[in-house]
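A quick write-up on the structure given underneath.
The values are calculated or read from the model by the stated rules, or taken from the named source; none is laboratory data. Only a predicted model underlies this, so the values are computations on that prediction, with no experimental measurement involved. In this analysis, Cβ positions are derived from the backbone assuming ideal geometry, glycine residues included, and neighbour counts consider all displayed protein chains.
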Amino acid sequence: MAGASLFSSHPALRGVALMIAAVGVFSLLDATGKYLAQSYPVPGIVWARYAVNLSLLVGWFVARGTLRHMRTARLGVQALRGLMLGSATLLYMTALSQLPMADAAAIGFVMPLVAAVLAVPMLNERLDGPRLVAVLAGLAGALVIVRPGFSVFTLYALLPLGMAVCNALYQILTRKLAGVEHPMTSLFWGALIGTLLFTPFLPTSWQMPEEGLHWVLFGLMGIFGLIGHLLLIRAYDYANASLLVPMHYTQLVWVMLLGYVVFDDFPDGWSLVGMAIIVVSGLYLVNRQRLAVTRN
């Protein structure tokens, strides 16, 4: 009762709790995909993730009588956005199949830094000196984790960087649709394009699950994807982006815990240093953006 009263009197706290929960659900999705990648080709896993998600969304729309959310007025933007999301998922799942969860997640956290750079030509935003320094520092943090030229380096460590670029483009395209398309419409088209994108790979990358547990895990991937996005959407109903974006970094706690418990992986000292640099750089960028919005 006390907790419910606290959330009702401070809606922003509810938004923060929903965002942390969303990030946790996405971490479960990643852990499930990493586990399945030990036995199945990654493109087939990614297809199942979107196909199950799509089926659940269509069922949701039918049950609630909201099939109108399947219509879009921005087909080109939605298609490109879905392509970026699907590509980001493929790159990240491939990286997860070979890298510790925490390392892959931390490298992927350069996404806000990449988005800050891409927003200059695509959204006519300004990148001042301090923000540029933060971007460069974040990339340096990623290099500390990747360590090119050292024995720990693997080409798979570059895939989260590619994911970050695709994800940054996805986020920018999503911002272009804000206020134009219903969030559920964007959610539907992301799942639809992801399903269509990987369907041609099924003849060579799909294997029937070998046991009952694997069937359950394939289904859970789609469920986790849907629940995570719904929680994320609801979080923004209660709190603004400047408060919620830093909550994404709680993913490091989730993935370190899941990586250690499920896969017996834990970041080494240098990786922890790189993670700290990326998080500090990202939080600095978020704070600069918040201050800029406040002044305007």
| message | Please pick out the residue among 81, 68 that is surrounded by 19 or more Cβ atoms within 10 Å (Cβ to Cβ), more than 17 Å from residue 142 (Cβ to Cβ) and basic (Lys, Arg). | response | 81
| request: Can you confirm whether region 283-294 contains a residue that is at pLDDT below 85, surrounded by 14 or more Cβ atoms within 10 Å (Cβ to Cβ), closer than 16 Å to residue 112 by Cβ and of a type in the set (Ser, Thr, Tyr)? | output: yes
| said: Just to verify a result, which residue in region 236-275, among those that are among the aliphatic types (A, V, I, L, M) and under 18 Å from residue 167 (Cβ atoms), is modelled with the lowest pLDDT? | reply: 241
| task | Kindly indicate whether residue 19 is in a helix (DSSP H, G or I), over 15 Å from residue 164 (Cα atoms) and either touching a residue at least 12 places away in the same chain (Cβ under 8 Å) or of a type in the set (Phe, Trp, Tyr) (or both). | result | yes
| request: Mind telling me which of the residues 12, 21 ends up being modelled with pLDDT under 95, out of contact with any Pro (no Cβ under 8 Å at 6 or more places or on another chain) and farther than 23 Å from residue 260 by Cα? | output: 12
| field | Residue check, residue 227 modelled with pLDDT of 85 or more, of a type in the set (Val, Ile, Thr), farther than 30 Å from residue 276 by Cα and in contact with a helix residue (DSSP H, G or I) (Cβ under 8 Å, 6 or more places away or on another chain) | value | no
| query | Quick one: which helices (runs of 4 or more DSSP H) sit completely within region 133-227 and have at least 1 residues that are within 30 Å of residue 268 (Cα to Cα) and in contact with a Phe, Trp or Tyr (Cβ under 7 Å, 6 or more places away or on another chain)? | reply | 159-177
| Can you tell which of 132, 80, 90 is in contact with a Pro (Cβ under 9 Å, 6 or more places away or on another chain) and not polar (S, T, N, Q)? | 90
| task | Could you identify the single residue in 147, 64, 131, 81 that is under 23 Å from residue 193 (Cβ atoms) and over 14 Å from the mean Cα position of the chain (by Cα)? | result | 64
